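*Asks:* I am attaching a structure below and will ask some questions about it afterwards.
The values are calculated or read from the model by the stated rules, or taken from the named source; none is laboratory data. Remember, predicted model here, so these are calculated numbers, not experimental data. Counting neighbours? That spans all protein chains shown, and the Cβs are built from the backbone with ideal geometry, glycine included.
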Amino acid sequence: MRIFSAIAIFFKVLFDSKYFYQVSSLSQNEAKIAELEENLNRLRLQNNLLESSAKAPVVEDDLLPGACALLSLMQREARFLDFTLEDISQLPDEQVGAVSRLVHGDLKKLIRQYMELKPVIDADEGQKVSLGQDRMPYEIQVASDRDVALPFTATLRHKGYRLVSINLPQKKHPEAVRVLMPAELDSVEVNP
């Protein structure tokens with residue numbers, strides 16, 4: 001019975017070009033399927049890593065003092081909140097540029113004083129870098145829409161930042177944590 005099937009397939013391949021191309025592409029498709037399955041397994045592993053890190057409970061009370069301390073410093077040293085929350089749409093570009101330069105300088109000084117940062121990838125931007133499977137998915141962000149799995153080689157657009165250490169000042173009173181900047185008063189009159 002198989003001999004008749006083989007003869008029928010032989011003649012169909014011989015005289016039907018569409019069928020010939022379908023049969024001849026089977027081995028290529030098998031290789032593509034194997035590659036896709038391998039990439040799928042790699043992506044599943046990365047997804048599992050991301051899900052496990054995302055399931056870590058975030059406790060507001062643990063993060064709140066640090067976040068508030070940083071915002072408070074940024075406001076005190078660089079008037080960051082004033083600058084960010086101010087409506088600057090009607091101001092001339094020269095004035096916005098001048099203020100931006102001041103805020104930028106003060107924020108840069110603050111970061112250098114209270115934090116130690118290092119690059120996630122220590123290479124020159126624009127350079128080709130090879131990333132191995134030892135990289136964690138949260139350390140990199142691929143700019144293109146392509147789904148890629150480690151390892152791969154790519155052009156470094158930005159080094160990224162990793163916080164090595166941070167030394168923020170602590171507030172004396174726990175309830176003062178949420179006060180990012182005290183209200184400023186002027187022309188004080190003493191009440192009798």
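*Asks:* So if I check each of Arg162, Arg178, which one is touching a helix residue (DSSP H, G or I) at 6+ places or on another chain (Cβ under 7 Å) and either surrounded by 10 or more Cβ atoms within 10 Å (Cβ to Cβ) or of a type in the set (Asp, Glu) (or both)? Steps first, answer last, please.
*Replies:* Numbers: Arg162 fails: touching a helix residue (DSSP H, G or I) at 6+ places or on another chain (Cβ under 7 Å).
After applying the criteria, what remains is Arg178.
*Asks:* Restricting attention to region 145-169, which residues are without any contact (Cβ under 8 Å) to a residue 40 or more places away in the chain, closer than 21 Å to Asn41 by Cα and either assigned to a loop (DSSP other than H, G, I, E, B) or under 13 Å from the mean Cα position of the chain (by Cα) (or both)?
*Replies:* Asp145, Arg146, Val148, Pro151
*Asks:* With the structure loaded, tell me whether Lys118 is in contact (Cβ under 8 Å) with a residue 40 or more places away in the chain, exposed (fewer than 13 other Cβ atoms within 10 Å of the Cβ) and within 30 Å of Thr155 (Cβ to Cβ) or whether it fails that test.
*Replies:* Taking the combined requirement at face value, the residue satisfies it.
*Asks:* Next up: Mind listing just one residue for me: the one in region 100-126 that is assigned to a helix (DSSP H, G or I) and of a type in the set (Val, Ile, Thr) and, of those, farthest from Glu77 (Cα to Cα)?
*Replies:* To start, the set of residues in region 100-126 that are assigned to a helix (DSSP H, G or I) comprises 100-114.
Checking the rest, the ones that are also of a type in the set (Val, Ile, Thr) come to 103, 111.
Working: Val103: 9, Ile111: 10 Å.
Restricting to residues being assigned to a helix (DSSP H, G or I) and of a type in the set (Val, Ile, Thr), the top hit is Ile111.
*Asks:* For region 37-57, check the following and say yes or no: at least one residue is surrounded by 10 or more Cβ atoms within 10 Å (Cβ to Cβ), at pLDDT 70 or above and assigned to a loop (DSSP other than H, G, I, E, B).
*Replies:* Checking region 37-57: not a single residue is surrounded by 10 or more Cβ atoms within 10 Å (Cβ to Cβ), at pLDDT 70 or above and assigned to a loop (DSSP other than H, G, I, E, B).
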